[in-house]
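The values are calculated or read from the model by the stated rules, or taken from the named source; none is laboratory data. Keep in mind it's a predicted model, so treat the numbers as computed, not measured. For neighbour counting, all protein chains shown are included, and Cβ atoms are generated from backbone atoms with ideal geometry for every residue, glycine included.
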Amino acid sequence: MKKTLIEKTANKLVAAFLKNKIISPIPSKFTKKISEAQKLRKLCESKIDQPIIGFKAAGTGIPLIKKLKEKEPFYASVYKRNFLKSGKRVKINKSTLGIELEVCYLIKKSFFLTKIKITERNISKFISHIAPCIEIVGYRQNKKGIKSFGDLCSDFGANVKFLVGKKKKYKKFNVKNLNTNIVNKKINHKVNGNTNTVYINPLNSLKFVLNKIKRDKIKLNNDFYVFTGSTLGVAQIKSKGLHVGKIDKLGSVKVIIA
């Protein structure tokens, strides 16, 4: 049977993902509309037989949502192969978009047994730990910039690597208005942010992701992470070397950019 365009495109993206290769840009048909990008992302993910460690929220900045005329963020799966401990080395390339500093949560696998809608009142009972996280963002394609949510969504959410700092046991930790920053130690370049830029706040972003994966009937057999979105946008990587991200009251996380 002759393969469809979406099938061919998914196969190319999956091969690039698994082999850490960069391919030519995919057809704009799959990036202009988030609905088409979602179809491609889900098809790609269905072709990958590797452990999923969690999910990321993307497009969580409300100004960006308005600018690109979208209604809400989106989510994508995060694979164990892209998960690193704080302080590890990450090699970047010309398709790397930048670096993000996020709040992440470790969610109990018991979440998959509940049938209720996740709300601000009941969400805490599903959270095990909280931690700071760095995400390196980039494409599997030879292209730059963000013209639509579809650009990011179609390419596995444009997630390259995640590095998680020391986890803290969750006790209704207030993350609604915490100062954040990330510093490039080599050139002493600093970018400041705040947790209130993340889809109102990181806990609200978490609620969004959990209800989406429940709606999509996704189930895992293990505890999992949710990465809630950048507190300072996509910060440009101006130089290689050590980058340290800090979130007030939560802690720090490090990455060595190579």
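One table, with the values for the structure above:
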{"item": "Test for GLU70: is it in contact with a Gly (Cβ under 8 Å, 6 or more places away or on another chain), more than 24 Å from ASN184 (Cα to Cα), modelled with pLDDT under 95 and not basic (Lys, Arg)", "result": "yes"}
{"item": "Strands (runs of 3 or more DSSP E) within segment 148-216 that include 1 or more residues within 22 Å of PHE30 (Cβ to Cβ) and either touching a residue at least 60 places away in the same chain (Cβ under 8 Å) or in contact with a Pro (Cβ under 9 Å, 6 or more places away or on another chain) (or both)", "result": "159-164"}
{"item": "Sole residue being farther than 22 Å from GLY98 by Cβ and crowded, with 21+ Cβ neighbours inside 10 Å, chosen from LEU210, LEU163, LEU152", "result": "LEU210"}
{"item": "From LYS29, LYS47, LYS88, LYS80, residue being of a type in the set (Lys, Arg), modelled with pLDDT of 95 or more and surrounded by 14 or more Cβ atoms within 10 Å (Cβ to Cβ)", "result": "LYS47"}
{"item": "Selection count where residues are touching a helix residue (DSSP H, G or I) at 6+ places or on another chain (Cβ under 7 Å) and either free of Cβ contacts under 8 Å to residues at least 24 places away in the same chain or not in a strand (DSSP E or B) (or both), scope segment 73-98", "result": "1"}
{"item": "Counted residues, segment 9-40 - those being touching a residue at least 40 places away in the same chain (Cβ under 8 Å) and either over 19 Å from the mean Cα position of the chain (by Cα) or not in a loop (DSSP other than H, G, I, E, B) (or both)", "result": "17"}
{"item": "Filter result (assigned to a strand (DSSP E or B) and within 11 Å of ASP223 (Cα to Cα)) within segment 99-140", "result": "TYR105, LEU106, ILE107, ILE127, SER128, HIS129"}
